[in-house]
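Remarks on the structure that follows.
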Amino acid sequence: MAVIELKNLTYTYGEGTPFCKKAVDNVSLSIEQGEFIGVIGHTGSGKSTLIQTLNGLLRPTGGQVLLNGKDIWAEPKKIREVRFRVGMVFQYPEHQLFEETVLGDIAFGPGNMGLSQEEALKRAREAAKFVGLSEDFYEKSPFELSGGEKRRVAIAGVIAMDPDVLVLDEPTAGLDPQGRDVLLAQITSYHKTRGNTVLLVSHSMEDIARTADRILVMNSSHAAMFGPTKEVFARGPELEQMGLRVPQITKILASLRERGWPVGTALTMEEAVRELLPLLEKGGVRS
């Protein structure tokens, strides 16, 4: 059974007014338990609106969001429970920090779920380890930390609730390259260890290429593509028409194929090396 299923999902801002605008239009798809899904699309494509319907922050104006087969709005009074099961990390989540200590901030979510203080703190410590925060950080004020450290605290606060689905909206935005790589590696490690479903919204095609099993491409409020990562990025010209680009290394190998070189599709530098080494060993002979 799919962990999340969208059936003809539609969301219209300002419905019933002269200013109404469809941000998501008739989207249907299924996401399986344990998948890592990348979500891409130009600004205004509908991707941020779509992910906010997944845990009930926005109520669809049409269609359904099913969580483990059940419409999340079947019992509106229980929508709060849905938000514990589908954890959302917003862009610049460090703006949500407010507790006096790092550990207190991470433990807030589990405590809000009704867990005992002991259990909430236990979960907070485990989540802190997932994102690379040592015990030295526990009693620090979150406002004394660097941008990347604040980001990790905020993500740990959602992880501590142990959601079935973790949704991350541009989690590496504004970080330097090293900070971005560290955070992405920690998110990937969390996914592999817990086996939870992860949705990553990002403008970085390289980040998506390195992590995602499948990619959802939003364009003009519609799901323009939804498929395995390599298959989506193999459609470079179509993506470029939507204002998107494929990873640079993918584009380079596609250019080589167009020139007759016998190379496949590569999403990362490591994959590109594996494709090119046999050619170098043969002295660069074309097929």
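The values are calculated or read from the model by the stated rules, or taken from the named source; none is laboratory data. From a predicted model like this one, the values you see are computed outputs, not experimental measurements. Cβ sites come from the backbone with ideal geometry, for glycine too, and all protein chains shown count toward neighbours.
Taking segment 253-286 as the range and being among the aliphatic types (A, V, I, L, M), assigned to a helix (DSSP H, G or I) and over 23 Å from R214 (Cβ atoms) as the test, the residues that pass are L256, V273, L276, L277, L279, L280. G63 - would you say it is surrounded by 15 or more Cβ atoms within 10 Å (Cβ to Cβ) and over 26 Å from K129 (Cα atoms)? For G63, the condition - surrounded by 15 or more Cβ atoms within 10 Å (Cβ to Cβ) and over 26 Å from K129 (Cα atoms) - is met. Filtered by the rule that a residue be charged (D, E, K, R) and either in contact (Cβ under 8 Å) with a residue 12 or more places away in the chain or on the phi > 0 side of the Ramachandran plot (or both), segment 1-46 gives E5, K7, E15, K22, D25, E32, E35.
Here L50 meets each of (1) of a type in the set (A, V, I, L, M, F, W, C); (2) surrounded by fewer than 21 Cβ atoms within 10 Å (Cβ to Cβ); (3) within 29 Å of A173 (Cβ to Cβ) with one exception, condition (2). Within the option set T53, T49, being free of Cβ contacts under 8 Å to residues at least 60 places away in the same chain and out of contact with any Lys or Arg (no Cβ under 9 Å at 6 or more places or on another chain) holds for one residue only, T49. Restricting to segment 177-228, name every residue that is in a helix (DSSP H, G or I), in contact with a strand residue (DSSP E or B) (Cβ under 6 Å, 6 or more places away or on another chain) and surrounded by 22 or more Cβ atoms within 10 Å (Cβ to Cβ). Result: I208, single match. Scanning segment 210-255 for residues being modelled with pLDDT under 95 and in contact with a Pro (Cβ under 9 Å, 6 or more places away or on another chain) gives a total of 2. Quick check: is even one residue across segment 251-267 among the β-branched types (V, I, T), under 22 Å from the mean Cα position of the chain (by Cα) and buried (at least 18 other Cβ atoms within 10 Å of the Cβ)? So far as segment 251-267 goes, no, none of its residues is among the β-branched types (V, I, T), under 22 Å from the mean Cα position of the chain (by Cα) and buried (at least 18 other Cβ atoms within 10 Å of the Cβ). Only residues that are more than 9 Å from the chain's Cα centre (by Cα) and more than 19 Å from R85 (Cα to Cα) were counted across segment 189-209, and they come to 7. Can you find even one residue in segment 181-193 that is more than 30 Å from H42 (Cβ to Cβ) and acidic (D, E)? No, there is no match, as no residue in segment 181-193 is more than 30 Å from H42 (Cβ to Cβ) and acidic (D, E).
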